[in-house]
1. Which value, in Å² rounded to 10, gives the accessible area of E112 with a 1.4 Å probe and all protein chains present?
2. Ignoring ligands, DNA and RNA, what percent of the 1.4 Å accessible area of the chain is carbon and sulfur?
3. Could you give the length gained on full extension between D224 and R180, defined as 0.36 nm per residue of separation minus the Cα-Cα distance, in nm?
4. Suppose all protein chains stay in the model; what accessible area per residue would a 1.4 Å probe give for segment 85-235, in Å²?
5. In deg cm²/dmol and to the nearest 500, what is the mean residue ellipticity at 222 nm of the chain if only DSSP H runs of at least 4 residues count, each as -39500 (n - 2.57), divided by the residue total?
6. Extending each Cα 7 Å along its Cβ direction at K253 and E112, get the distance between those two points in nm, one decimal.
7. Considering lysine pairs in the chain that are 8 or more places apart or on different chains, how many have Cα atoms under 27 Å apart?
8. Would you work out if segment 142-219 is rounded, prolate or oblate? Take a ≥ b ≥ c from the square roots of the eigenvalues of the alpha-carbon gyration tensor; rounded if a/c is under 1.5, else prolate when a/b is larger than b/c, oblate otherwise.
Amino acid sequence: MLLTSRRGFVKGAAASCIVGADIKARGFESRSASGLPNPIFAYEFGDISAMQQASFAREYGFEGTVFDHALQIPERLRALDEAHLQLFFLWLTVDISNGQTKYEPDMEAAIEALKGRGTVVWVAIQGDSAGGGAGAEERTLQAVDRISDLASRSNLRVALYPHYGFYLARFRDVVRVAGRVGRSNVGATFNLCHELRSGFDPEFHQLLDSAIPRLYGVTVNGADRQGRDWSTLIQPLGRGDYDVTGLVRTITKAGYRGPFGIQCYGLKGDPGVYLKQSMAAWRAVSMRAAQVNS
């Protein structure tokens, strides 16, 4: 993962419910009946095949997963279909550094192949997070416009992905650009580990309230509040001293009804071990958050 005409927004929290509705329409119901209704997925758990990834996700109770980059799309989709799982997001990058805009090869074909699946196109904008160089913001807006058009043809939505060290590094950045683009199918993602690494925004609650109608994804994991590297900022859920339950409670109380993802990038050892632990921790988090929000 660490690779390198403006229209009005859909009003109200209904926009953040679309992913869940799409998933339920395809038969992917939440398996956490006593907890939150939000779907749950896992991703970035090792350099393994699509079939293995689908097998792990299904075995440990996740409703789907994520794939990175516009690669092997037919094989990946076949693996998920055979496991009766959802592809929640396809993670793509656009590089706007050095005065240029570089899209992933086969991006258009990959987005077309996802038509009708309810998958959200995750877009991470690479470039210097300190400014991205002259014209970086305009190149970003143009790139997101283009991907929005491609996604619209496949009846899909786009979620901007904040990534530490990229041009769009923080939640504040993706909310800003989604607002500036002003496309009805473009929204934002909140990623706990990247927000912590970039410096958790003191105005998070205000940003969240404004972003809820277009918040299409949230990712969490175990983390240390004072962590400074990925080994401390990405841990199996249930480890670390960061209050994930409090965060989930805040986000869902604000009206978020979309999916939560368990970030597993860089975790060592058997995926079966940390996926099992993370799912057990998620069920506890989900139940506690649901009790408080009810």
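The values are calculated or read from the model by the stated rules, or taken from the named source; none is laboratory data. These figures come from a predicted structure and were not determined experimentally. Counting neighbours? That spans all protein chains shown, and the Cβs are built from the backbone with ideal geometry, glycine included. Quick note on the areas: whole protein, heavy atoms, side chains included, nothing else; ligands and nucleic acids left out. Shrake-Rupley method; radii C 1.70, N 1.55, O 1.52, S 1.80 Å.
1. We get 130 Å² for E112.
2. 49
3. 12.5 nm
4. Accessible area per residue: 35 Å².
5. -12500 deg cm²/dmol
6. With each label placed 7 Å out from Cα toward Cβ, I get 4.8 nm.
7. Pairs that pass both the separation and distance tests number 9.
8. Working: a/c = 2.12, a/b = 1.70, b/c = 1.25.
Verdict is prolate for segment 142-219.
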